[in-house]
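Structure record follows, encoded as C-alpha cells.
The values are calculated or read from the model by the stated rules, or taken from the named source; none is laboratory data. Everything numeric here is computed off the predicted structure, so don't read it as measured data. Backbone-built Cβ (ideal geometry, glycine too); neighbour counts: all protein chains shown.
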Amino acid sequence: MGWPDLVDGWLDDQRRRQTESYIKRGRPLALASTEELMRGWIQEFRVWTQDPGHRQQAMTDFEVELTIRGEGAPCDKVDTEWKALRERSVAERRTRRRQDLVNFTTIPLADVPSRSLVVCISAIFE
C-alpha cells in the first residue's frame, strides 16, 4: 500500500465521518435548494481560502448535502480561489524549507551522522 492509497483511505474515512455527523444532526440543509447549497458552498469556500483557520463545518455540511443528492461541490466556480490557495501553499512551503535549512545549519555537524546529513539536505530541497 503506497501513499496515494493511504491518503485516499484517510479521505474516505473523513467523508464517512462528516456524512455520519451531518445525518446525526438531522440533515439541517435538507430543505435548501441545490442552488442555495452551491451558493453557500462557494461562499464558505471563499471565506476559508482567505482565512484557513475559519471553521469549515458549514462548507462541509453544504458539500455533504450536495453529495447525498448526487451532486458534487461546485469546484469549477472557484478556480481563482483554488489557484490563489495553491500559490500561497507553495510559497509557505518554500518559506518553511528555507527556515528548516536555516535551523538545520545551526546543528553542529559533528553531531550528525554523514548519511543523515545527506537525507536531511535532500528532504529540504525536494
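Number of residues in region 16-30 that are more than 13 Å from Asp61 (Cβ to Cβ) and either surrounded by 13 or more Cβ atoms within 10 Å (Cβ to Cβ) or more than 24 Å from the chain's Cα centre (by Cα) (or both) equals 0. Would you call Leu29 hydrophobic (A, V, I, L, M, F, W, C) and either modelled with pLDDT under 95 or part of a helix (DSSP H, G or I) (or both)? So Leu29 does not fit the description; no.
Cβ separations smaller than 7 Å between residues 6+ apart or across chains give the following pairs from region 1-20 residues that are touching a residue at least 12 places away in the same chain (Cβ under 8 Å) and in a helix (DSSP H, G or I) to residues that are among the hydrophobic types (A, V, I, L, M, F, W, C) and surrounded by 11 or more Cβ atoms within 10 Å (Cβ to Cβ): Gln18/Val64; Thr19/Val64. Restricted to region 31-59, and to residues there that are over 19 Å from the mean Cα position of the chain (by Cα) and hydroxyl-bearing (Ser, Thr, Tyr), the residue that is surrounded by the fewest Cβ atoms within 10 Å (Cβ to Cβ) is Ser33.
Residues are listed down the side, and each one gets a yes or a no for (1) closer than 23 Å to Lys24 by Cα; (2) surrounded by 10 or more Cβ atoms within 10 Å (Cβ to Cβ); (3) at pLDDT 60 or above:
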{"position": "Arg98", "(1), (2), (3)": "no, yes, yes"}
{"position": "Leu101", "(1), (2), (3)": "no, yes, yes"}
{"position": "Phe104", "(1), (2), (3)": "no, yes, no"}
{"position": "Phe125", "(1), (2), (3)": "no, no, no"}
